[in-house]
Every structure is written in C-alpha cells, then in structure tokens.
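Throughout, read-outs are computed from the coordinates displayed, never taken from laboratory work. Every value quoted in this text rests on a predicted model; they were computed, and no experiment measured them. Cβ atoms come from the backbone with ideal geometry, glycine included; neighbour counts cover every protein chain shown.
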4 protein chains.
Amino acid sequence: MKYNGEKLQVTVLGSSHAPAVGALIEGLPAGIHIDMEQLAALMARRAPGRMALTSTRQEADEVEFISGLNNGVTCGAPIHLSIRNKDVRSADYEAIRNIPRPSHADYPARIKYGDDWDGRGGGQFSARMTAPLCAAGGIALQILAAQGVYVGAHLAAVGPVDDEAFDAMTVGREQFERILTNGFPVLDAEKGKEMQQQIAAALEAQDSVGGIVECAVTGLPVGLGGPLFEGVESRLSAALFAIPAVRGVEFGCGFGAAHMNGSQHNDPYGIRGAGITPLSNNAGGILGGMTTGLPLIVRVGFKPTPSIGQAQRSVDMKSMKEVELRISGRHDACVATRAVPIAEAMTALVLLDMML
Amino acid sequence: MKYNGEKLQVTVLGSSHAPAVGALIEGLPAGIHIDMEQLAALMARRAPGRMALTSTRQEADEVEFISGLNNGVTCGAPIHLSIRNKDVRSADYEAIRNIPRPSHADYPARIKYGDDWDGRGGGQFSARMTAPLCAAGGIALQILAAQGVYVGAHLAAVGPVDDEAFDAMTVGREQFERILTNGFPVLDAEKGKEMQQQIAAALEAQDSVGGIVECAVTGLPVGLGGPLFEGVESRLSAALFAIPAVRGVEFGCGFGAAHMNGSQHNDPYGIRGAGITPLSNNAGGILGGMTTGLPLIVRVGFKPTPSIGQAQRSVDMKSMKEVELRISGRHDACVATRAVPIAEAMTALVLLDMML
Amino acid sequence: MKYNGEKLQVTVLGSSHAPAVGALIEGLPAGIHIDMEQLAALMARRAPGRMALTSTRQEADEVEFISGLNNGVTCGAPIHLSIRNKDVRSADYEAIRNIPRPSHADYPARIKYGDDWDGRGGGQFSARMTAPLCAAGGIALQILAAQGVYVGAHLAAVGPVDDEAFDAMTVGREQFERILTNGFPVLDAEKGKEMQQQIAAALEAQDSVGGIVECAVTGLPVGLGGPLFEGVESRLSAALFAIPAVRGVEFGCGFGAAHMNGSQHNDPYGIRGAGITPLSNNAGGILGGMTTGLPLIVRVGFKPTPSIGQAQRSVDMKSMKEVELRISGRHDACVATRAVPIAEAMTALVLLDMML
Amino acid sequence: MKYNGEKLQVTVLGSSHAPAVGALIEGLPAGIHIDMEQLAALMARRAPGRMALTSTRQEADEVEFISGLNNGVTCGAPIHLSIRNKDVRSADYEAIRNIPRPSHADYPARIKYGDDWDGRGGGQFSARMTAPLCAAGGIALQILAAQGVYVGAHLAAVGPVDDEAFDAMTVGREQFERILTNGFPVLDAEKGKEMQQQIAAALEAQDSVGGIVECAVTGLPVGLGGPLFEGVESRLSAALFAIPAVRGVEFGCGFGAAHMNGSQHNDPYGIRGAGITPLSNNAGGILGGMTTGLPLIVRVGFKPTPSIGQAQRSVDMKSMKEVELRISGRHDACVATRAVPIAEAMTALVLLDMML
C-alpha cells in the first residue's frame, strides 16, 4: 500500500471503515512550509458530499499532521498525516457481506484473503484510500509549484460528452485556473452542464457512467526519466492505474497514434529563443521515457461506478446460491468527477520524486 | 535498466552498438529445464530481418547462457544470458551525431547526459534492448505454461486496419496457436494481408505507421495482485510502457468503458460448475487490481516508427542551426509488428513474478 | 524509517514527542490470530519504568490496532498499530534545544535538517521508535513460534560482568524460558545481580555503562538466505544496527574467529539420525550467508547510554559559545537492558521475512 | 546478487567457473573520467597470485568495459564491466561434488538449490564474486577522491598479531599511502612481517588463520545517513557482511564500548576554527546513524579460510556415508589479506550512494 518512488515514499494507512486513513511521507527535505488552506482546497475538490451529484457520504477530510511538521514547516522527520473516517455506515455492508458486488474488488479479495477479509466499505480497496494520497500529492503540488511546475486536470469526457481538450503546446496555469472557477472541473462550462445532465440521468436510472480525466504538467525540465522501466510513462502509469476504476492510460496522442503515419505524428525540432525545442507536441512531452520540456499530457479512462441501484445478479458465497443484489449505500454516479484532483495528486507525487 | 519485481528481477545489459546486449535474471527457482528451441522460436518472432517489411538489420539473436544453467537446467545461481550485436553499422549514426531525430530519445538524452552520451543506434534507449527482455520473458512464458497459464498476443490494428478482437470469455491456446500459423501475427489472415499492404505503402512513401497489440492471458488463479500500487494494472502497465514507442495501455473495455453505463459495463456473477465466476468479462480479468480467473485482456498502442526516410526539420545542436534531416539506417515501418512477442514476454515476466 | 524486507515491510510512524508512535506492517498473510497477552508481555519487557534502574518515563506501551485485524485475526489489509506517547516532558528539552548532547544524534541531525529539526526527545532518532518495531517483531515472534522457530536473547555482558554464554549446539526454549524467570534478562541469576550492581553504581555516579546482548534462534530450516547481499548476516546486521546505540554485530565466534586457525574453527559434518549436520557450531548457524539448521547465534554490542548526569562539554550552536551541559531528563543507565526484547523482535522480523 | 543502494545499483554477474564475472553499475552520472591505471592497481591488490602466500590461482583480473563508457568517460548508460575467468580448474571440484567442505557454503547451498546446484569453485558463493565488486568500488573510490573523500584500510590483525591501529582523530591520506608501500597492507612493516610468518606457518601446517581489517574514511560531510534502517552502520554492515568469511563488523570503539562508562565513551563538543566538532572520536565518526565529519572507523573480522589441506570429516551426500576429506585446490591461508581492498571498495560503494 505504498508509492515507492526513488526518493519519495508514501505509505497509505488505514481502510475505508477504520477510525482513520492516513499517509506517511518520507523523503521530503526539511524546511518546506505547507500552505494548509491550499491543501484543504484540494481535499475539498476530492471530498464526497461537496459537489452536487456525488456521494452523500459526508467527510470533512480534514488533514491532521501527527508528526513531521514543526510550526507548519517540514522538520526532517517523516510526515505522518491522518484523516478521520467520520461518516461510516458499516451496517450498509452487513447484509451483503457474502455477496460480491459486480465489478468491485469483493470477489477476488474474498478468494485471496479468505473469510477473515474485512470488506466493509471495500476495505483497503476503497476509493477512500485516495484521500491520504490526495493529501500527500497536495503537498507535492505545492513543492512543484514553488519550482515553476504546474499540474492541472479536467474532466475530458463523461459518457458521450467531451470537454474541449488541452492544447498540448499552450496549456498552462491560465487553463488550470479557469477549470477551478466553473463549479465543475471542465474547460468549457457548457460541456460541464451537459456532463452533469448525463450524471443526473444515470442517477435517476439507478445507473452510473464512465469518464475520462486529462491531466497536463507545465514547466518540467528536459530529461526527467530514463530508459526502459525508468521511463516517465512507466512510473506515471503505475501510479495512475493505482486509482480505483482506471481502465486506460495514454500519453500525447495515445491510442490515436496507432492510426497515424510517422510523417504526421513526428514532432520536428526548431530553434525558438535561445534554444532548441520540438515544434509540435504529439509526444505529449515525453520521448524515450524522458521529458522534452513541452507540456506533459496524459489521459486517464475511468469505468462507470460499479455500485448501482439497479438489480444485479450475484452469488451468496456462503450458501452458494445465485441471488439478486440491490446496492443501497451512497455512491458517486461518475467516479471520474472526483478523480480529477486525485489524478493531479498522483502525477505530482511521481514527478516530484523524479525532481528531488 | 531493470525489471524490479517482488521476487523476480531482470537487469538489462549492454546497448544498441555495444558488443552484446544481455540480461541477468534473478529469483527463479533451481531445477527448471529451459526448452532452447521454443526460446529460439520466440526470439525469431522478434528478430529483425525475419519478416518481410521489417528492418533489414540481420541479427541471429541467438541466446548464449553465460551462467545460471547446469545442463540446460537452472542451478540456483542468477541466469546471465547474452545476445551478440553482430550487424552494427555505427557509421550510419556518425553523420547525425549532433542532430536529434524527431520523436526519438536523442534530444532529451543529449540534454540529460551531455555530450558524452553515446547515441549510436539509440544507445540504451534502442528497441534492441528488448531482445534480452524477450529472452527473459521467453523463459517466463515456459514456466507459466508448465503451470497452465498461457499468454498470447496479436496485432489488433495497423493504421486504419483492425484485426478481429479476442473474445474476452473464450480466448485461449487455440487462438494463440492460430496466430502463429498466419505468417503475420493476426487472427484473421485477410486482415493481416491488408495490414501488410499498409506497411508496404508506408515504406514506399518513406513513411511509417502505428499499430495496436492485444494480449491475453488464460489460466490465471483468482486473487493475484492487490490494492493501490500493488494492482495488476499498475505492474503490467509499468512493464508495457517500458517497451519503446508505447503510447497507451488499457485493460478490458479500456477507454471504451468511459462511454458506458454501469449497467452495461458491470459483470454479474453466477455459478458455473462448482464455483462462482463472472458471467461476462468487460473487466478484462481484473477487479480491484486483482485477477478474477477470467482471461486477462490488455491492449497496447504503439506510435508509428519515428525513423522515416522523408525529409524532416531538426537542429544541429553543435552549430545550433536548423537543418533538414534524412534518416537512412534500417528501420521497421511499423514497430508494433515485432512488438507482439515483446508484449507477451513483458506480460509473462510480470505475472510470473506475482505467481512465484 | 522502514524495515524493507523482501516480502515483509514495517514502516515506523511518529516520533518521540508526537502524540503517538506506530507501525504499518505489510506482507503478512490473512488468517493469523494474534495473542494480545503475549504481545503485551513482550512490550512490557521493553517498556521504560518497569524494571528497577531503567528510565522513570512511564509508558503503558499499550498496542492499539487501527486497521488490519478482524476480531483479532489478520484480515489481509496492512496492519496499522499505534502506541500513545503519554508521559512526554518536552520542557526537559527546551533548555538544551541548541546544545547538542555528546554522543547523541543531535549534532549531525541539526546540521542535516537545519533549524527546523524537532529534536525533542531525540525526534525520529529516539529509542522510543523501537516500541512499534518491538510490537511488529512481537507479531513475527508469534508467527515463527507457530512454525517451531524460537528466538531468545539475554544480556551477555554489562560493563565488566559477563553472563554465561549460550551453548551454540544445545541452546533452545528451555534457556529462553529460564531467562524470563530471573527478573533480569540473564541465564545466571547471580551474574544478573552483579550486573544490576554495575548499573546502580553507574547511576550513583551520574554515569552509564555499556553492554552486550546475545540472541539465538532455533528451529530454522537449512538454506535461508543467499549469496552476497542476500546473506543472513547482511540482512540481520542491517536490522540490528538500526537499534540505537549498537556499535558491533558478530555471528558465531565473531571477532574471536580472527584469532583462530581453520582447523579449530571449521565445523566438520557427520550423520546424526537420518541426516547430515555440522558437528560443531562455530559458524553460529550460518555458512555462505545461509542457515545451516543449527542454532543461529548473534551478539550485539551496545555503547553506554550517552545521556549522563555528569557535567559535559558542548557548544551552544546559536551563540557558538562553548558551554557546560548537565542533562536532567530520565534515562536508562544501560540501554542494553531494555534492548534484549528489541533484539529478539528485530531478529524475528528479518527471519520471518525470509521464511514467508 | 546486487548492491541495491538508494541511487546506485551494482548487479554482480557470473560465477566462479563461468567464462566471466562482471558487474552492471547503474546510477552514476555521465561525464566521469575513469583512470584505468588506478583501477588496475586496486584490482591487483585483490588479485590472487600476486602476493606471496596467497592463492596460486593466476588471474589477470583485467577489467573490460562492455558498455557505458565513451572514450573512457561515463556516457549515462549503465556501465557493464566484465572480468574473464581464465585459470579455472573445475576438475579440482569434481571429486568433491557430493562432499560438502566444512565451513563452506556447499552444504546449505546443496540443500537450498538441490542437485542441480553448480558448486564448482563455490559457484555464486565464491570470493571470486568480489572481483567485479572491487572494480565497481574502485570507480566509486575515484569519484569520492575527486570530492575529497578518501578511503583506506589495513590488516589490523592476523591471528595473534596486531598491527598499529588507526588514530581515529588524525587518520588520513598519509597513512593510507604508507600502507601501500609496505608490500603487505599494514601500517607497521615489522608487524607485517610477523603476520606473514603466521600465514606461512599456517600454510606449512596445511592450516589457515583469521584476521581483522580496519577501514577508515576521511573528508565526509556531516549528516550522511539517517534514523533506524537508514543509518550509516546499517548500510555499511549490510555491504561488509556480503564479503565472504566476514563474522563481525564494529564501528568506533565497537564491542569495546560495551565495557566502557558513558563518561569515558562520550565525545564532548568544542569549537575548532570556525565550527563545532567532537573533540574525541570514540563514535568512529557516526552518531544516530549519521556522519559527524570526523573519520569514519569500521573494523571487519574474518574467519580463517575454510579450505585447509588437513584431513577433515564430512559426508558424501549421495551415498550418505561419513568420509574423510582432503581439499587440494589453491587457496589463501588468510582471506583477510586480499580482503583489504575489497573492504575499501564496499565502503566506497555505500558512501558514494549516500553522497550522490
């Protein structure tokens, strides 16, 4: 349960229905001031019960620092941060203790860990575990920003509705800030409304819907990363696929590149100002596993929330009888929505690790 | 330059124009017999100069075992295997020593490592480095097969031409064997001919074309993998993105899931024979980062070969002048073609590591 | 701050004067029952304020399980355990905030982390951090015992007084249990009394005294470990030197072997019962980095407690003036005493990791 | 088979009777010139057949660079270096294939890996594996020296004869150079002669003798290392115990500290020149797992060479009969002698890793 970077390690603590979740962050230098308001703002973007149409579980997601800070400044000791689980309704899970929810971790987890597995709220497989990762990533985002590296993401698609895409050459802080002002994490507010209608319609139908998050990073130096398993894509994809419900990760033109010719896809070089630079950015800012200095562009595809209210077929693993399952609980109809800040946080953790 | 698994480590040795490339494989048990003919057959599928329309660089890609085997059987010591680089034409690279080839690793590598970087043939960023990984993966494929786990892949797309897709419920050895009999790695021989026409046309135009590899694994037990960064997708994607030219990785319905509803995408459970099983496989055999027992399905998108004969714009980094570049050398017009066995090998390494 | 084994990871949380210290244990199988009384008994052996002549800091050292257990049984999720820091007197440290205590971590820590370092109670360098390691190791001890592997330690020396040594051929549970009945962790109760006199005399003189812990493990299978860095000695020594105040680690005859001839030191083989076995155990149960099946014997040398009441010379790092320092606080006069269960715990963690 | 540092990795290749041994070094920056003569001089100090009274196996131990260097300068790619095994006499080992040599790795290796284990020359457990580590460490020594960090070692003891010890406050390059001029690695040439007599006498008696290597490092910055498992002692001891035949490792006063009082052992602080410094160095340059800026002192105890000519008792593991064993082969009577440069190399690898 840890992000095990070269220089940065983030160990995730707790589980969905434990008293708390948390993280231990190791590898940060001493002397870094953490802006608590900025961190709370990021946490709020991920927290349930804040946006219309997201889970009604109410969690303040207040980050408490147990150790590692001295008057708000990193003191050299590992940072232990904790987030209380307040609004836990374990009873919701008692009735379905032996009935795996379709497309959830329940079935393989039960087989893997046996009857002792504590699956309330999804246990250690819950999306709740992304809260401490978001907090750790929020600190990483602040450190990167202090070095001129900015990370931003938006909902690129919900079901059939696409947001405007980032321009791979010019994307930057202006766009990132615009996304935060729309009430919904999109570049085009109109598209955001259409997306919200999609989600509302899914909820209405006791259904859910998938989505895509597009994330960009600007201000990166040239040459982060390395060959083979040290490549930026290997490291970033490992972290992004750690977010529950992710089904695909692509960089630059991504799968679209498979349908292109080299003469279309190649990015020629030219001199701009004092230096050499690629003149287009189909590469999404990465060549040979290394950053090129242009914006890094990554897209992350999310499946629809597996918890839906409609009746579904499942099996009672105790009686070994087929049953009809109706999930009550409180769930997002589109996990991608709250995943926007998580994708930013994960991306920041990986890139900070490479820059330390 | 290593695959750093939990129990299996594969360190990659050498570089494109060194006397040899190789691998050190650690973590395999003693007493495993390696079938040298089967290994050679896999290497031949990856080797350049074997298939029509691939690079004319001639490499026997014969695997020599330096240590770790005792009469063809693993003896407990790490396996050191070596593959000679015979047909090296470093002269091809002298003329362009200071001119980064568009969409290659040259530019960021030169910035990262400085003027001392040895970029002949792409140095450590060359696709040549996948030869020893293919050999290591070939051993993994044999060990998995002995346990009833089979891995197979095909070219799912080249430019605009799609092969028939794997059926996520029924895919298995029958399909894997059919792919090997078509002379070209596809399920549908007709589609294979169309793909070859696409590649020939690209070559004719001194251009290149992208493609998609689809890989399936059958016979996996339930519950391999784990939460967050321990998930099958995180581990597999990190290995697959290590293959040069990969731009996207998706599991099951992948990015397609983003456009689906939960009621369509969810895989219900039922009882088949003595046990519980998902009744459909949109998940591609993975839930909560763990295997479900159904076939694992992963798709890997490749960009078009960046080396093309057409004139391209670049910069001489010594004189800092913009120049026109024409790449001679010997290159595949579609890297995805030879990547089919590499994807199998990488997938096998990761899954064997989880099963050890 | 983590024990990073092959299959077992223990991340240490908190610091000396934080609200709590704790540990996250990853890699244990599900379904293991933890005996809480046995764990508490081990913690009590390490806890301050329990034995005469140890620190008067009063800590219950009660282990609270935040997550990972389901009715006292491991459930597959990582185990998060927490131990409150109750009797914290940070004021003791205010006066000496800028004055490094001789032979403590203060000086290099202050240089390494800068003025933001939080050195109260030694911060992350405090021996308090061994409490959660002791708890984690206590769980490992229980798992090993269930497999017939027993770990025991005693105080082999305090200053000039030596306890009887373990017999490397016959040591076992009988000795381990005897040690626990003496009120002081020795084989020879008379020697224990002499040691306690040494410690009392040192306390009286506002001084401290060093000591040696000898640890033995029985019931290990043959062949744990491996070549070079995978050797049992490499792994065990890395964990034992992590205990604060350790200055030396030796196996079997240890440094004594340097003064022996091969004909004296070599352990011949013979047949006993159905199998081959070494007929003597100068090796301390390890050859070529691997266990031999005979008892593993390791000795750990501890320096005298650096905190002493006598006046010492130091420097005020703020005013950069030489000063006389008198340390009040509450300290053990002989750290080795409470290190006996810690050595057992550390040894158990490493060996369990190798046996998983 | 790898030194797995934070930033530096050294993977060891080959085995005792393979065509070659070698190393892959990852993590070094590009642009470092390697002085081949200096490297050869270090290798010669370790090589068999060079010093009187060492093994008569003749190995040039010439280091060949397969990849990673460009005109003698690191180019950013991993360094693959290879050392041919020329003087291999596998026949010596045929007769004893089933008879474990006392106090060698043979017995546990045979049990661990089974009958397929290739034990010729000790296989992967041979001291021959230290040749590539010595080469890798030799490069580390050069990089450290360029930063003002010097590493030197001497034979502190052979059997009953002690060399003069390093002075922990004043040791430095002057002593390190003196050691190299004595024909035998000691500070006091007279003591060196006595040691050589001990070794000759042991050889004469078809016996062997143990020894101690003392190693010092000067010029280190303050604050390398960290708490618990990140401590300098944990990292150094793990590397030093990886050297075959090592039985003990101690820092500063080592086990001697166990018999001291705090008032004797503590190192007070004073101001010297512009800065604060410990006024004595019983700590051996390490406090709280971190360097203090004073010389680092570590002592490594070696057992007597297990291969002796005298008759020994063993068992034929095939027939399961007790037998008398006489080892012919060619062996050092005192492994500690050739271990002097190995201890320097290992120490350099670990410290360079911490300084990168």
Notebook entry, point to check: From largest to smallest, what semi-axes in whole angstrom does the range C:156-302 give when each is the square root of 5 times an eigenvalue of its alpha carbon gyration tensor?
Noted result: 30, 18, 14
Next item on the list: List the DSSP H helices in chain B whose Cα atoms stretch 15 Å or more along the helix axis and whose mean Kyte-Doolittle hydropathy is at least -1.0.
Entry: B:36-46, B:130-146, B:189-204, B:335-355
Check: Taking chain D as a Gaussian network, where each spring joins two C-alpha atoms under 10 Å apart, which residue of D:A136, D:A258, D:A283 fluctuates the most?
Finding: D:A258
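Could you work out [θ]222 nm for chain A from helices alone, using -39500 (n - 2.57) per DSSP H run of at least four and dividing by all its residues? Round to the nearest 500 deg cm²/dmol.
Calculated from helices alone, the mean residue ellipticity at 222 nm is -8500 deg cm²/dmol.
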Margin query: Starting from the Kirkwood Rh over alpha-carbon pairs, what translational D in µm² s⁻¹ does the protein assembly as shown have by Stokes-Einstein at 25 °C and 0.890 mPa s?
Written below: 74
Check: Copy-to-copy spacing for B:E64, label 7 Å out on the Cα-to-C-beta vector, in nm, shortest first?
Finding: 0.9, 6.4, 6.4
Next item on the list: Tell me, for the rotation carrying B onto D, which chain B residue has the beta-carbon closest to the axis and what that distance is in whole Å.
Entry: B:T11, 2
Next item on the list: Let me know the mean shielding of D:271-284 by other chains, meaning the per-residue number of their Cβ atoms within 10 Å of its Cβ.
Entry: 3
Check: Mind listing the Cα extents of the range D:109-155 along all three principal axes, in Å, largest one first?
Finding: 50, 22, 15
Notebook entry, point to check: Once you average over the residues of B:309-316, how many Cβ atoms of partner chains fall within 10 Å of each Cβ?
Noted result: 4
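In the range C:69-147, how does Rg compare with the Kirkwood Rh, expressed as the Rg/Rh ratio over alpha carbon atoms? Walk me through the numbers on the way to the answer.
On the way: Rg = 17.6 Å, Rh = 15.5 Å.
We get a ratio of 1.14 for the range C:69-147.
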Next item on the list: Could you pull out every one of the aspartates and glutamates with an alpha carbon less than 16 Å from that of C:K7, ignoring same-chain neighbours closer than 8 positions?
Entry: B:E6, B:E26, B:E230, B:D353, C:E26, C:E230, C:D353
Check: Cα centroids of the range D:237-289 and the range C:227-241: how far apart, whole angstrom?
Finding: 20
Checklist line | Viscosity 0.890 mPa s, 25 °C: Kirkwood-radius Stokes-Einstein D of chain C over Cα pairs, µm²/s | finding: 115
Check: Which distance in nm do the two modelled labels at A:K193 and C:K193 give, with both placed 7 Å along the Cα-to-Cβ direction?
Finding: 9.2
Margin query: Debye calculation, C-alpha points only, no solvent: report log10 I(q)/I(0) for the range D:1-154 at q = 0.19 Å⁻¹, in the same order as the q values.
Written below: -1.20
Checklist line | Sites A:A60 and A:A200, calculated FRET efficiency, Cβ-Cβ separation with R0 35 Å, nearest 0.05 | finding: 0.85
Next item on the list: Would you calculate the separation in nanometres between label points at A:S90 and C:L279, each defined as 7 Å from the Cα along the Cα-to-beta-carbon direction?
Entry: 6.1
Next item on the list: Using Cα positions and a limit of under 30 Å, work out the lysines in reach of C:K86, with same-chain residues fewer than 8 apart set aside.
Entry: A:K2, A:K86, C:K2, C:K112, C:K303
Next item on the list: Two decimals is fine: what's Rg over Rh for the range D:211-284, C-alpha atoms, Kirkwood radius as Rh?
Entry: 1.00
Note to self: For a bin width of 5 Å, list the pair-distance distribution of the range A:97-184 built from all Cα-Cα distances, rounded to whole %.
What the structure shows: 3, 11, 14, 13, 14, 12, 11, 10, 8, 3, 0
Check: Sorted from fewest to most neighbouring beta carbons within 10 Å, what does the list D:V315, B:V209 look like?
Finding: D:V315, B:V209
Note to self: Looking at the range B:239-356, I'd like the Rg to Rh ratio, where Rg is from alpha-carbon atoms and Rh is Kirkwood's inverse mean 1/r.
What the structure shows: 1.17
